[in-house]
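Have a look at the structure below, then the notes.
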Amino acid sequence: MGKKRKHSETKAAENGKKEETAPERPERTLFGFKTSPEELKENASTPFFRNKEKVLVTCSRRISFRYRHLMMNLVDLLPHCKKDNKVESEGSKGADLNELVELRSCSSCLFFECRKGRDLYLWMAKCPNGPSVKFLVNAVHTMEELKLTGNHLKGSRPILTFSSNFDKSPHWKLLKEMITQVFATPKDHRKSKPYHDHVFVFSIADDHIWFRNYQISTDHTGTSQKLDRGDLEKMTLIEVGPRFCLNPIKIFSGSFGGPTLYENPFYVSPNTIRSMEKRQKAGKYAKKVKAKTRKKMHEMENPLEIDEFADMWKE
């Protein structure tokens, strides 16, 4: 029989074989191959930001049908939003909404508050630390009312465009940043599609923010199905809808409240406008009453002379 090898000799032979073979493959899991700790350290030195923005869209009770249709149009335009049940607007709505946003794992909130069945207010808030903005919504036109010819893919990512007025004042810059975070669909969102076929336009006119939604349409009548980069002459914009106008009232530092950062000096509430209209109508009635009294006083001061021939034909 041959002699047995010593334990130290077998270890040296195994080490020599390992050096000759190829490096071992990393362990594979359901989510792919596991990365080594050295690669993790390299990736940590170059941080990667992933946008996880989610918006909660809800409304108050006793909202009218037109405003509810507007809210549903916005839900269709924002694939990264979540709907929730109606919330009572009276009392501690801020605490309830912040709790709802936390339960639904969202970071922003769009709250449509309807008062007196005719006035619509929009709260745009970053939860739970703020800031938040309160708007008065005017000139509402839903998709069902407009019936425009534009049509874009549902769930596609929009291109946000802003007018140059947003860079003039600090409060407009803050509003621009909040609108960008709320209305911009995150990249690689599971409900979004990797296309850009429509544009959200936010423009300022008369200290109001006007919203429009356009489809990017191209002419594919030729042989080539792709357009050259920068060839904007062949692109046209077709309006899709909805339309609405935002009148900023106040900007708060907290979520649905807190210290006031900005207050619109040109804002007039709808209640005061309606009271002024009633006063104008009441002024018309008062003018009629005064005219009647003036006529009576004039008749009393200037009586008619007695006619001598008034009773001639009675005999």
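The values are calculated or read from the model by the stated rules, or taken from the named source; none is laboratory data. All figures in this text were calculated on a predicted structure; none of them were measured in a lab. Every residue, glycine among them, receives a Cβ derived from its backbone with ideal geometry; neighbour counts consider all protein chains shown. Remember, those area values only see protein heavy atoms, side chains included, never the ligands or the DNA or RNA. Shrake-Rupley method; radii C 1.70, N 1.55, O 1.52, S 1.80 Å.
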### Task
Answer yes or no as to whether R62 is assigned to a loop (DSSP other than H, G, I, E, B), modelled with pLDDT of 80 or more and basic (K, R).
yes
### Query
Any residue in region 163-178 that is assigned to a strand (DSSP E or B) and in contact with a Pro (Cβ under 8 Å, 6 or more places away or on another chain)?
no
### Message
Whether any residue in region 95-104 is touching a residue at least 40 places away in the same chain (Cβ under 8 Å), of a type in the set (A, V, I, L, M) and part of a strand (DSSP E or B) is what I want to check.
### Response
no
### Task
Could you tell me whether any residue of region 113-129 is more than 25 Å from F256 (Cα to Cα) and open to solvent by 10 Å² or more (accessible area, probe 1.4 Å)?
no
### Task
Search region 181-204 for residues being open to solvent by 50 Å² or more (accessible area, probe 1.4 Å) and closer than 23 Å to F244 by Cβ, and hand back the single one that is farthest from the chain's Cα centre (by Cα).
H196
### Query
Which residues, taken from region 240-266, are among the aromatic types (F, W, Y) and buried (at least 16 other Cβ atoms within 10 Å of the Cβ)?
F244, F252, F256, Y262
### Task
Go through (1) modelled with pLDDT under 90; (2) closer than 30 Å to R68 by Cβ; (3) not in a helix (DSSP H, G or I) one by one and return the number of the condition N247 breaks.
(1)
